[in-house]
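Beneath this line is the structure, given in structure tokens, with notes to follow.
The values are calculated or read from the model by the stated rules, or taken from the named source; none is laboratory data. Given the structure is predicted, the values throughout are model-derived calculations rather than measurements. FYI the Cβ positions are ideal-geometry reconstructions off the backbone, even for glycines, and counts take in every protein chain you see. The protein model used for the area step is the full one, side chains on, heavy atoms only, and it has no ligands, DNA or RNA in it. Shrake-Rupley method; radii C 1.70, N 1.55, O 1.52, S 1.80 Å.
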Amino acid sequence: MMTATDVAEYLGKPMSWVYNEWKPAGIPFKRIGNQLRCRPGDLDTWIDKQAA
């Protein structure tokens, strides 16, 4: 599972963008306790949908 930091690095975006935009942009995070986590495959699928 990727952390928000991992996702920010993967997308080339600042952490502030990830935290501010994850809900409006639909980034496929799941809350695990108080942390955001994302499966790499789900993130790649989300990226592919953004390009379509």
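For this structure, a couple of remarks:
- Couplings 3J(HN,Hα) for the range 17-26, derived from phi with the Karplus relation 6.51 cos²θ - 1.76 cosθ + 1.60 (θ = phi - 60°), are 5, 4, 5, 6, 10, 5, 6, x, 7, x Hz, where x marks Gly and Pro.
- Folded to 0 to 90 degrees: helix 40-51 orientation relative to the chain principal axis, Cα: 40 degrees
- Label point distance in nm, Lys30-Asp42, each placed 7 Å from Cα along Cα→Cβ: 0.5 nm
- Only Lys, Arg, Asp and Glu carry charge here, each on its Cβ (+1 for the first two, -1 for the last two); on that basis the chain has a dipole of about 240 debye about its Cα centre.
- Equivalent ellipsoid, the chain (semi-axes from 5 times Cα gyration tensor eigenvalues, Å): 16, 12, 10
- If you sort Ile32, Ile27, Ile47 by accessible surface, 1.4 Å probe, largest first, the order is Ile32, Ile47, Ile27.
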